[in-house]
1. Mind checking the full-extension length gain between A23 and V130? Use 0.36 nm per residue of separation minus the Cα-Cα distance, one decimal, nm.
2. Which chymotrypsin sites (Phe, Trp or Tyr not before Pro) in region 73-148 pass both tests, a DSSP loop state and at most 11 other beta-carbon atoms within 10 Å?
Amino acid sequence: MITLEQVEKLVEKANITYDEAKAALEAADGNLLDALIALERQGKVRPPKGGGYYNSQGATAADSTVITIEQQKQEEQQKEPGWFHRLLAFCGRLLEKGNANTFEVYRGQTTTFTIPVTILILLFLFCFWVTLPLLIIGLFFGYKYRFCGPDLGRQDVNRAMDSASEVAENIKQSFNSQDDERTDRSDKQ
């Protein structure tokens with residue numbers, strides 16, 4: 001008796017229609033390996049890679065399972081990308097996220113300019129001696145910074161940016177108050 005599971009296995013392994021699989025299994029009295037051999041002889045199935053062959057003499061269901069597992073392992077190894085391809089895929093995802101998120105510079109309610117995070121990272125990598133001082137000087141001139149986008153536009157990330165702006169504002173106020181005290185002393189003298 002031929003089961004649906006046997007037919008589906010043969011369809012999957014031999015890449016044939018259900019009717020062809022059923023006919024091959026009926027001709028082989030339900031033996032999956034014999035059906036594969038018959039299909040190979042008819043030219044409907046390619047022989048195994050590496051010049052191997054099918055042999056149904058003395059084969060048991062356990063033997064065909066072992067062959068199938070070994071073949072699956074070989075196929076998985078061939079499909080698995082190498083480290084270089086994984087690295088490229090990782091870099092691609094990183095670039096995609098960097099371009100989806102932006103870094104905004106604003107003053108009051110007006111946005112001065114917006115750049116992708118990828119550009120900001122490149123500026124920090126190659127011109128950090130210019131980029132970092134400009135960002136710090138911008139804080140003292142009243143500019144604020146924020147990240148926008150699906151990954152970095154969260155409240156906790158922007159809260160850190162706001163606290164940096166507050167620190168710069170406090171330092172600026174302390175300098176202004178010290179300057180006012182000096183001015184008052186010089187006026188009294």
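Where a number appears in this text, it was derived from the coordinates with a stated rule and is not lab data. Remember, it's a predicted structure, so these values are computed and weren't measured experimentally. Neighbour counts are summed over all protein chains in view; Cβ atoms, including those assigned to glycine, are modelled from backbone coordinates with ideal geometry.
1. In short, 31.0 nm is gained.
2. Details: sites: W83, F84, F90, F103, Y106, F113, F124, F126, F128, W129, F140, F141, Y143, Y145, F147; in loops: F141, Y143.
Filter output for region 73-148: F141.
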